[in-house]
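Peer 1: Sharing a structure below in structure tokens format, with a few things to ask.
The values are calculated or read from the model by the stated rules, or taken from the named source; none is laboratory data. No experiment lies behind these values; they were computed from the predicted model shown. Neighbour counts run over all protein chains shown; Cβ positions are idealised from the backbone, glycine included. Ligands, DNA and RNA are stripped out before the accessible areas are found, and what is left, the full protein with its side chains, is counted by its heavy atoms. Shrake-Rupley method; radii C 1.70, N 1.55, O 1.52, S 1.80 Å.
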Amino acid sequence: MNAVQADQLGKTYGKTGRALEEVSFSVEKGEIFGFIGGNGAGKTTAIKILVGLVNPSHGSALIFEHPAGTREAKEKIGYLPEVSNYPDWIPSGRLLDFYASLSHSSPPGKEWISSLFSLVGLSGKEKIPLRQFSKGMMQRFGLAQSLVGDAPLLLLDEPTSGLDPQAQREMKDLLLSLREKGKTLFFSSHQLSHVEEICDRIGILKDGRLVACASVTSLLDQEGPFEITASPGTEALAGIAPVAPQARVAVMDGKVLVPQEQLIPALEFLRAKGVHIQGVEKKRPSLEDVFLNMVRKGPGANEKGDRP
Amino acid sequence: MSDVWLLARYQIEEALAKKLFYIVVLMGLVLVGGVFFANTFELGHQGRVVRDASLSVIGVFSLALTLLLTLQAIPREIENRTIYPILARPLSRFQYLLGKELGIALVVGASLSLFYGLLLLLLFLKEGSFPVPLLGNALCNWLECVVISSFSFLLSVLVSPPLNFCFTIVAYFLGHFPVVYVNYILGRIPPVSGFVVETAKFALPQLEYLDIKTTLLYGDPISPLYFVEITLYALLYSGVLLYLAVLFFERKDL
Ligand SMILES: Nc1ncnc2c1ncn2[C@@H]1O[C@H](COP(=O)(O)OP(=O)(O)OP(=O)(O)O)[C@@H](O)[C@H]1O
Ligand SMILES: [Mg+2]
């Protein structure tokens, strides 16, 4: 059974504001799925549709086979909104207790609440009203409230935003430990290194369209850039931009990194300039390379995926 | 139902955390007391005048409290995005709206109890007996607040709070517009526009029926059945408006 099944999701705000177009993907139970894309790509819109906060203009979404937004679907999800904002007139512990009572699946009692507080690094802060929380503390509280229902699927919209480096690492470990406990995680992020490290599969959104949806290994395999090595200090390398606009040149090291489809023109250019090429090696790219590469291309130009 | 109650409690706690709420309640209490003593000492003891003035003060303050709590209840939660962690839980938007309305109705009810409690106490001290019929007016007052609150709730999912305020105030005054006048107007205009006026009057809250102050002050008896009728009317009217509010609210992207 898929934890999430999105079919041809589309969202148009007003008459013209296209936020999502024909987005289809699935998330398997127990998986960590990362959702990446530039600002305004549609990540938050997609997540809000899954939670039931936004009605899709087209298509449908299922959460553990229940239509998104229904009570049955919402019983299965814990949601961390993109903007951490919680009522500030109530002590944080009481607020979490309130959320717990609304989530029917939560284990009862004070121990559960305080164990959540210590899990997210806020132990002993239950009595403090949220107006006294810092941004990062708010974000931690946000994670706690998404966990309070003990739901099997977590939809987290930028969980690491606003966290200090140590907290980001802790968050990463926490996400991994949640997977260990059998949770399915679906999260959006701009922290591509984290996404690369912990996700099983990734969806890349561009202008509301899903331009890639694949496992991390297959994404990184296919998109490998090539490193061309010439002798250090070869000035001719610097002139490669017209034939390979995305090339990254290090003249001092005599190295050029070019994406796969620009390899041939780059080699031809260098040969024409009489550069002695010592070697060509396929590199394992970082997710950032893959992402930037895809986002630069036109929408849908690089549609692929091991499954939708 | 337990979810609705949880939401209502949350709404009550939020209202009780507002300073402005206490200020309005306190001002109401001070004015009820002030009007009572002013009328007693300056005009001599005139039961009817004292009652009339105090009840008017209570009417105005309960309306103010209702608007204070209702106008912003939903728009602010949407704007602050505090609505997300609530609606992401397994509850319907209907339960959410009902919980909020119930919470506000209870807070306004509690405030009215304070106002009437003070008034009855003062009258008791002055006259040596409790003017029990005033409790009927308390019920009417509360029903009026419930109706106004549901009207304003519906508008709050459709228009901005300032517009909502204007519309609700207009509806309040038109709602108090006596039906006899409406019938009089209906008799003098062509049937088509007459139909429009009649529909408009029917769609707006018929607050005139909830206004029993004059009858009470002149000591005319009111049958208990009348209270049952207006209670049913207020609940039915609020129910229909809540249903409409849910219809619009469910289509809203948050
Ligand atoms: N309520 C709304 N009304 C109109 N347009 C909206 C609304 N919410 C989002 N949009 C538009 O939809 C598009 C997608 O927005 P969305 O918030 O989903 O992007 P995102 O991928 O989450 O971006 P970010 O990384 O900045 O959070 C944007 O162009 C945005 O302007
Ligand atoms: Mg976003």
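Peer 1: Among the strands (runs of 3 or more DSSP E) confined wholly to region A:1-90, which include 1 or more residues that are within 16 Å of ligand 2 (Cβ to nearest atom) and not polar (S, T, N, Q)?
Peer 2: The strands (runs of 3 or more DSSP E) meeting that bar are A:2-13, A:17-28, A:32-37, A:77-80.
Peer 1: Give the number of residues within region A:137-196 that are within 16 Å of ligand 1 (Cβ to nearest atom) and among the aromatic types (Phe, Trp, Tyr).
Peer 2: Residues flagged as within 16 Å of ligand 1 (Cβ to nearest atom) and among the aromatic types (Phe, Trp, Tyr) within region A:137-196 amount to 2.
Peer 1: Going by the conditions given, is residue A:189 out of contact with any Gly (no Cβ under 7 Å at 6 or more places or on another chain), among the hydroxyl-bearing types (Ser, Thr, Tyr) and within 30 Å of residue A:3 (Cβ to Cβ)?
Peer 2: Against the criterion (out of contact with any Gly (no Cβ under 7 Å at 6 or more places or on another chain), among the hydroxyl-bearing types (Ser, Thr, Tyr) and within 30 Å of residue A:3 (Cβ to Cβ)), residue A:189 does not qualify.
Peer 1: Related question: I need the helices (runs of 4 or more DSSP H) fully contained in region B:77-192, keeping only those with at least 1 residues that are at pLDDT below 90.
Peer 2: Counting at least 1 such residues, we get B:93-127, B:134-156, B:161-175, B:179-188.
Peer 1: To continue, here is another question. Farther than 30 Å from residue A:52 by Cα and open to solvent by 80 Å² or more (accessible area, probe 1.4 Å): which single residue out of B:20, B:31, B:55 fits that description?
Peer 2: Going through B:20, B:31, B:55 in turn, just one is farther than 30 Å from residue A:52 by Cα and open to solvent by 80 Å² or more (accessible area, probe 1.4 Å): B:20.
Peer 1: A further question follows. How many residues does region A:124-147 contain that are open to solvent by 10 Å² or more (accessible area, probe 1.4 Å), touching a Phe, Trp or Tyr at 6+ places or on another chain (Cβ under 9 Å) and either over 11 Å from residue A:92 (Cα atoms) or among the charged types (D, E, K, R) (or both)?
Peer 2: Number of matching residues: 4.
Peer 1: Right, another one. Within region A:220-229, which residues are open to solvent by less than 10 Å² (accessible area, probe 1.4 Å) and in contact with a strand residue (DSSP E or B) (Cβ under 6 Å, 6 or more places away or on another chain)?
Peer 2: A:224, A:228
Peer 1: Assuming residue B:98 fulfils every condition listed in (1) within 24 Å of the chain's Cα centre (by Cα); (2) more than 24 Å from residue B:232 (Cα to Cα) apart from one, which condition is it?
Peer 2: (2)
For (1) farther than 21 Å from residue B:158 by Cβ; (2) assigned to a helix (DSSP H, G or I); (3) among the aliphatic types (A, V, I, L, M); (4) within 11 Å of another protein chain (Cβ to nearest Cβ), each residue gets a yes or a no:
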position	(1), (2), (3), (4)
B:6	yes, yes, yes, yes
B:14	yes, yes, no, yes
B:28	yes, yes, no, no
B:49	yes, yes, yes, no
B:55	yes, yes, yes, no
B:66	no, yes, no, no
